[in-house]
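S.K.: Pasting a structure below so you can have a look.
The values are calculated or read from the model by the stated rules, or taken from the named source; none is laboratory data. Fair warning: this is a prediction, and the values are worked out from it, not measured in the lab. Using ideal geometry, Cβ is built from the backbone for each residue, glycine included, and neighbour counts are taken over all protein chains shown.
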Amino acid sequence: MQAYDMIPCSFLVAKAKELHKRFPIISGRYDQFTGYGLEEFIRNNNLTQIRMEAEGEGINMQMYQLVKSFYSNQLLELFDHPVLIPELKTLEEKKKGRKMRVEAPNRIGMHDDLADAYVRAIWECYNYHKKRGGSNSILSTNGQSKVCITSKPVNAFKRTRENQMGTHSTRQSMGNRMLNLNNQRRDR
């Protein structure tokens with residue numbers, strides 16, 4: 001297993017406080033599994049909007065399903081990041097008993113830390129939007145998590161993209177063209 005230098009909790013909290021000055025942190029979460037050492041630093045530095053959460057298989061799967069749904073509906077755009085993109089590409093859904101979990105493959109050098117942080121950030125933004133009267137919701141049906149996105153935010157996003165990129169097929173990405181082709185086939 002590859003060894004990593006330990007990042008001191010004080011360094012993480014100092015960086016969070018520095019970022020908070022430029023970009024106010026409204027909400028944040030970190031995993032209870034390894035978070036007890038960080039908890040004291042967060043409380044002592046008045047970053048109480050960042051909280052420790054137990055990340056079980058159910059919530060893990062809901063978070064990843066949300067991101068997957070947003071990405072497939074072109075509500076998220078990923079930029080080329082040298083660590084995040086390879087982590088996302090190597091993630092696997094693993095069944096543990098009756099529950100599913102998304103995690104890195106159990107091989108040397110494989111990690112999911114940045115992917116988990118990315119997914120948690122999107123989850124926090126989504127829930128913040130919901131609390132402020134947004135129309136998106138997560139439904140649970142027969143024990144399986146399903147993300148339902150109302151057409152209003154999706155259509156508003158598509159209108160914004162069309163205004164920026166135009167609607168002509170040569171200005172659309174390959175993903176848009178494939179999505180449009182699939183929609184046309186389904187409508188027949």
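S.K.: Mind checking whether some residue in the stretch 87-108 is over 20 Å from E124 (Cα atoms), of a type in the set (V, I, T) and in contact with a Pro (Cβ under 7 Å, 6 or more places away or on another chain)?
M.R.: Yes, there is a match, as at least one residue in the stretch 87-108 is over 20 Å from E124 (Cα atoms), of a type in the set (V, I, T) and in contact with a Pro (Cβ under 7 Å, 6 or more places away or on another chain).
S.K.: What single numbered condition from (1) farther than 25 Å from E18 by Cα; (2) without any contact (Cβ under 8 Å) to a residue 40 or more places away in the chain; (3) among the charged types (D, E, K, R) fails to hold for R51?
M.R.: (1)
S.K.: With the checklist (1) without any contact (Cβ under 8 Å) to a residue 60 or more places away in the chain; (2) not assigned by TED's automatic domain parsing to the domain that holds D116 in hand, flag the one item R29 doesn't pass.
M.R.: (1)
S.K.: Also, quick follow-up: Count, please, the residues in the stretch 94-119 that happen to be in a strand (DSSP E or B) and free of Cβ contacts under 8 Å to residues at least 12 places away in the same chain. First the steps, then the outcome.
M.R.: Taking the stretch 94-119 and keeping what is in a strand (DSSP E or B), we get 94-96, 99-103.
Within this subset, residues satisfying the condition of being free of Cβ contacts under 8 Å to residues at least 12 places away in the same chain are 94-95.
Total satisfying the criteria: 2.
S.K.: Please determine, by comparing only the residues of the stretch 87-111 that are acidic (D, E) and at pLDDT below 90, which one is farthest from R51 (Cα to Cα).
M.R.: So the first thing to find is which residues in the stretch 87-111 are acidic (D, E), and the list is 87, 92-93, 103.
After this cut, where a residue has to be at pLDDT below 90 as well, the list is 93, 103.
Numbers: E93: 26, E103: 22 Å.
Checked the stretch 87-111; the qualifying residue farthest from R51 (Cα to Cα) is E93.
S.K.: Is at least one residue of the stretch 1-10 in contact (Cβ under 8 Å) with a residue 12 or more places away in the chain and within 20 Å of the chain's Cα centre (by Cα)? If you could, list the steps in order and put the result at the bottom.
M.R.: Keep residues of the stretch 1-10 that are in contact (Cβ under 8 Å) with a residue 12 or more places away in the chain, which gives 1-2, 9-10.
Filter once more, keeping what is within 20 Å of the chain's Cα centre (by Cα): none.
The answer is no, given that none of the residues of the stretch 1-10 is in contact (Cβ under 8 Å) with a residue 12 or more places away in the chain and within 20 Å of the chain's Cα centre (by Cα).
S.K.: Okay, next question. Could you pull out the residue among L78, L38 that is assigned by TED's automatic domain parsing to the domain that holds A104, at pLDDT below 90 and within 24 Å of D112 (Cβ to Cβ)?
M.R.: On the way: L38 fails: assigned by TED's automatic domain parsing to the domain that holds A104.
After applying the criteria, what remains is L78.
S.K.: Next question, about the same structure. Restricting attention to the stretch 77-89, which residues are surrounded by 15 or more Cβ atoms within 10 Å (Cβ to Cβ) and out of contact with any Asp or Glu (no Cβ under 8 Å at 6 or more places or on another chain)?
M.R.: Residues of the stretch 77-89 surrounded by 15 or more Cβ atoms within 10 Å (Cβ to Cβ): 84, 87-88.
If the condition is that a residue be surrounded by 15 or more Cβ atoms within 10 Å (Cβ to Cβ) and out of contact with any Asp or Glu (no Cβ under 8 Å at 6 or more places or on another chain), then L84, L88 are the ones that fit.
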